[in-house]
Amino acid sequence: MVLSVETEEEVVELSQSVRYIHMQGGFEIRNWVSNSSLVLSKMNVELSTAKDSTIISDLPSQKILGMWWDTQDDVFKYKIGWTRFDSALLDGSRCPTKREILRTLMTIYDPVGLIDHYLVLLKILLQEVWRTGNDWDDPIPENLFERWRTWIRLLLELEKLRISICYRQVVLLIEEAAVDMHVFVDASESVMSAVVFLRFTKGDQLECSLVAAKTRVAPMKYTSIPRLELQAAVLRCRLAANVTRNLTMNISKRTYWTDSRNVLCWLRADHKRYSAFVGSRISEILESTDIHDWRWVPTRSNVADDGTRWRDRPDLSSESRWFKGPEFLMQATEKWPSLPVKISTEEEMRPSVLFHISVSESVIDVSRFSSWRRLLIVTGYVLRSFVHSTKL
């Protein structure tokens, strides 16, 4: 059981209620852990110690949903079980197999996508290995081996990462701060990415924090970039809806950011004019979002772009824009980016067929005939006379 509330008094009251309810059913919840010594003293429990001392280096760290919670600093961190792997594999001196790449990826569990901009690089690599047709225990090709080395070198930096559990370090929610949700999306030929931030505003104080992220590799079959960007927009709406359902705070406003002009045009136009692929997805997006909440952002300021490219190594520092949001969110809304010109697109437009009918006066007045057979005979006679006259 994992829970978080605003005050220490709420924690004590809630824990006592939970323990009482479980006792009525004959269950006893043990090993309560808190980042507050006052809470622990009131609950009269001791911090539980870890069973596996080879993985846990300090007692205050507790494993929660695949991640590690440092109760002293109240941060999440990641630890790699180095003893599970061959040292030659992790230092990049031995070429891995497809099975070993998948195993490495599965050992790092990230339930809410806090480090998806790093893990997605290995997902892309795994998909490239699938394209080569390699067997499970065959070494990967040399060109992919270099990309593996690039990724594996960052594992040591991942263990240094510290992610604050509390969304707010400066602005307190009990001070009636305004809470806005900002969702960014991007897509490349290899992957789609969506990132959700919360922006807290109280007077002149501003603060942004990463809530969740989701990356998904593109299909094996070729899909155009505009279609992938639209798929990413659908992914973003689903992720934002899931985050909203699980948050206990009230969201004042939601803003959805994209650098795709095609997607913005499809949203603002009559989606029935476009293909069924576009129309069905635009309908899903408009069912859960307001069209006025969609805004354009340049690619350089799009945080989701960090999770879609191998262009640069991901920034795994806790102060990077992946965790703190783009710089413009820390400014007034008047300084936010906006689309300078009116947009239009012919991408995915439904094909239209034009018929040209030449209308001429008929030689034979069909209304004079009451019998189809008689009309047919007369028509044949006229045509035969016409052919005979032209030969003369």
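Values quoted throughout were computed directly from the atomic coordinates according to the rules given, and no laboratory measurement underlies them. Quick caveat: nothing in here was measured; it's all calculated off a predicted structure. Ideal geometry is used to build each Cβ from the backbone, glycine not excepted, and the neighbour counts take in all protein chains shown.
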task = Rounded to whole Hz and in sequence order, give me ³J(HN,Hα) for the range 230-243 from the Karplus expression 6.51 cos²θ - 1.76 cosθ + 1.60, θ = phi - 60°, writing x for Gly and Pro.
result = 5, 4, 5, 5, 5, 4, 5, 4, 5, 5, 5, 5, 5, 5
key: J(HN,Hα) series, the range 201-210, from Karplus relation 6.51 cos²θ - 1.76 cosθ + 1.60, nearest Hz, glycine and proline x   = 10, 9, x, 8, 8, 10, 7, 10, 8, 6
ask   = Per-residue ellipticity at 222 nm for the chain, helices alone: DSSP H runs ≥ 4 residues times -39500 (n - 2.57), over residue total, nearest 500 deg cm²/dmol?
value = -11000 deg cm²/dmol
note = Here the Cα Rg-to-2.2 N^0.38 Å ratio for the range 214-300 is 1.13
message = Regarding the range 81-180, what's the average projected area of the Cα-atom convex hull, expressed in nm²?
response = 8.5
ask   = Size of the dipole of the range 171-290 about the Cα centre, Lys and Arg at +1 and Asp and Glu at -1 on the beta carbon, nothing else charged, in debye to 20?
value = 540
ask   = What are the ³J(HN,Hα) values, in whole Hz, obtained from phi via the Karplus relation 6.51 cos²θ - 1.76 cosθ + 1.60 with θ = phi - 60°, for each residue of the range 379-385 in sequence order, with x given for Gly and Pro?
value = 4, x, 5, 5, 5, 5, 5
inquiry  = List the residues, sorted by chain then number, that are 5 or more residues from Val217 or on another chain and whose placed amide H is less than 5 Å from its amide H.
reply    = Met192
query = Taking the simple approach of a point 7 Å from Cα along Cα-to-Cβ for both Thr223 and Thr379, what is their distance in nm?
reply = 5.3
message = Within 11 Å, Cβ to Cβ, of Gly279, how many net charges do the neighbouring residues add up to if Lys/Arg are +1 and Asp/Glu are -1?
response = +1
key: Helix axis angle, 142-152 relative to the chain longest principal axis, alpha carbon, degrees   = 40
ask   = Among the DSSP beta bridges whose two residues both lie in the chain, what percent are antiparallel, rounded to the nearest 5?
value = 80
Spin-label pair Asp270/Glu10, simplified geometry with 7 Å Cα→Cβ offset, distance in nm = 4.9
ask   = Which Cα, out of Met67, Ala241, Trp151, lies furthest along the positive dipole direction of the chain (beta carbon charges, K/R +1, D/E -1)?
value = Ala241
query = Using alpha-carbon positions, what is the distance between the centroids of the range 127-191 and the range 231-254, in Å?
reply = 20
key: Unit charges on C-beta of K, R, D, E only; dipole of the chain, Debye   = 2140
query = For the range 246-345, which GluC sites (Glu not before Pro) are in a loop by DSSP, counting at most 11 other Cβ atoms within 10 Å?
reply = Glu319
Cβ-based charge dipole, the chain, positive-most Cα from Ile291, Gly279, Thr215 = Gly279
ask   = Between Asp135 and Gln331, how many nm apart are label points set 7 Å from Cα along the C-beta direction?
value = 5.8
key: Cα pair count fraction exceeding 30 Å, expressed as % - the chain   = 56
task = Filter the GluC sites (Glu not before Pro) in the range 139-236 to those in DSSP coil with at most 13 other Cβ atoms within 10 Å of their Cβ, and list the result.
result = Glu176, Glu189
note = Out of His117, Asn35, Ile364 - ranked by how far each Cα lies towards the positive end of the dipole of the chain, with unit charges on the beta-carbon of charged residues - the top one is Ile364
ask   = Within the chain, what's the longest stretch lacking chymotrypsin sites (Phe, Trp or Tyr not before Pro) that sit in DSSP loops with no more than 14 other Cβ atoms inside 10 Å?
value = 223-354
remark   = Expressed to one decimal in nm², the mean projection of the alpha carbon convex hull of the range 64-124 is 5.1
Sparse-neighbour loop sites [trypsin sites (Lys or Arg not before Pro); the range 214-313; at most 10 other C-beta within 10 Å; DSSP] = Lys221, Arg311
